[in-house]
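**Q** Attaching a single structure in structure tokens format; questions to follow.
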Amino acid sequence: MRIVIGEDSALFREGLARLLVDAGHEVVAKAGDADALEAAVHETRPDAAIIDIRMPPEHTDDGARVARRLRSAYPRLGILVLSQHVETRHSVDLVATGGFGYLLKDRVLDVQDFLAALARVAAGGTALDPEVVGRLLRPRPDDGAMALLTPREREVLALMAEGRTNLGIAQRLYLSERTVETHVASVLAKLDLSSGEKDHRRVLAVVAYLRAAP
């Protein structure tokens, strides 16, 4: 996989690059600010871009804004954004496009999970940090549809939004795969969402619902 890294911390950037190279990937460019990152993606046309949400020049949400522009320019580009803290301002719109992941930087320390998330994103799937999912799925007082879900269905929905398959959900919750299928069908029915054939499509449907909710 050909990857561009956008990260202003030189130490973290170089460590991430070494991790990816050791895993057999090719880091085609590394950028320390948002402008250089955007230019590098245009120049190298990578398979995936790993982007820190807060980058120079403004050190606010520069990376997230670049991610949105890159998504418009390259719909099939895998985009994995990293953040020190949960910031959901841009997350829902980006997740709804597919090929998107959002992880807290601490997750990189779990190398296998991080590489699996990157591969899922590059393949067009979704990879959301559990803390990000928790923020997105936080119930609202007027959110009638979400209130219909049982606690178990809410757990299943959260794992769906992380990008996990029915088998992955079953293993996490110590349930049979058939039981998980039943919960998924119930969740989609209660939220009035149709189920697609691919796991990431149902995640996108869930996130689309969250975006439309009051």
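**Q** Using DSSP to define loop residues, name the trypsin sites (Lys or Arg not before Pro) in segment 1-81 whose beta-carbon has at most 16 other beta-carbon atoms within 10 Å.
**A** When the trypsin sites (Lys or Arg not before Pro) of segment 1-81 are filtered for loop state and at most 16 Cβ neighbours within 10 Å, R76 remain.
**Q** Continuing with this model, one more query. For segment 2-128, state what percent of all Cα-Cα pairs lands in each successive 10 Å bin, counting from 0 Å until the bin that includes the largest distance.
**A** 14, 53, 32, 1
**Q** Pull out the extension gain between A10 and Q171, defined as 0.36 nm times the separation in residues minus the alpha carbon to alpha carbon distance; nm, one decimal.
**A** 54.2 nm
**Q** What is the distance, in nm, between label points placed 7 Å from the Cα along the Cα-to-Cβ direction at E181 and at T60?
**A** Using points 7 Å along Cα→Cβ, the separation is 4.9 nm.
**Q** Can you compute 3J(HN,Hα) from phi for each residue in segment 59-72, using the Karplus curve 6.51 cos²θ - 1.76 cosθ + 1.60 with θ = phi - 60°, rounded to whole Hz and x for Gly and Pro?
**A** 6, 10, 10, 4, x, 5, 5, 5, 4, 5, 5, 5, 4, 5
The numbers here are math on the coordinates, done by the rules we state, and not lab data. Owing to the predicted nature of the structure, the values given are computational and were not obtained by experimental measurement. Cβ: placed from backbone, ideal geometry, glycine included. Neighbour counts: every protein chain shown.
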